[in-house]
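Encoded as structure tokens, the structure appears first; notes follow it.
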Amino acid sequence: MDIAEVAQRSGLAASTLRFYEEKELIASVGRNGLRRQFHPDVLERLGLIAIGRGAGFTLEEIGRMFAPDGGASIDRIMLSAKADELDTTIARLSAVRKALRHAAACPAPNHLECPSFRAILRKAMSQTEAGREGPS
């Protein structure tokens, strides 16, 4: 399969495929003229890369998920740690969403007059202060 077909079937730009090849995430099997050729199972590998990118793994971390023979060698502890990280991010973003929805629908003439909104502000400030390192 040439690079144009891989790009079309994967939805990735040819430049992305060349970049992934440079980072040794995928490998071409040869050339037909100037066009790189890939084995059809490169699409499966690109799928694993897409899942890893979507989960927030770096390309280096994703690269370590592949065995030298081209198969998967996924570190289950790393997956579990990333899932925990995503749980934390989801909880934080859910709280932000809830605050935004409340602020958008709040009947108070001024948000600062709303006890619920003020509670949201206090919580946000306490989380900001807890996240600081060292004295301010």
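The values are calculated or read from the model by the stated rules, or taken from the named source; none is laboratory data. These figures come from a predicted structure and were not determined experimentally. When we count neighbours, we look across all protein chains shown, and the Cβ atoms used for this are built from the backbone with ideal geometry, even at glycine.
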Exercise. Name the pairs whose Cβ atoms lie under 8 Å apart, with the first residue in the range 44-56 and closer than 18 Å to Ser80 by Cα, the second modelled with pLDDT under 95 and of a type in the set (Gly, Ala, Ser), and 6 or more positions between them or separate chains?
Worked result: Leu48/Ala72
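Hey, among Leu79, Leu43, Leu86, which residue is touching a Ser or Thr at 6+ places or on another chain (Cβ under 7 Å), surrounded by 12 or more Cβ atoms within 10 Å (Cβ to Cβ) and of a type outside the set (D, E, K, R)?
Leu43
Based on what the data block shows, is Leu59 surrounded by 10 or more Cβ atoms within 10 Å (Cβ to Cβ), within 24 Å of Leu12 (Cβ to Cβ) and out of contact with any His (no Cβ under 7 Å at 6 or more places or on another chain)?
In short, yes.
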For this session: Kindly list, by first and then second residue, each pair from a residue in the range 72-100 that is within 28 Å of Leu112 (Cβ to Cβ) to a residue that is surrounded by 11 or more Cβ atoms within 10 Å (Cβ to Cβ) and at pLDDT below 85, limited to pairs with Cβ atoms under 7 Å and residues at least 6 apart or on different chains.
Result: Ala99/Ile120
Seminar exercise, completed: Of the residues in the range 1-51, those that are part of a helix (DSSP H, G or I) and closer than 17 Å to Ile62 by Cα number 17
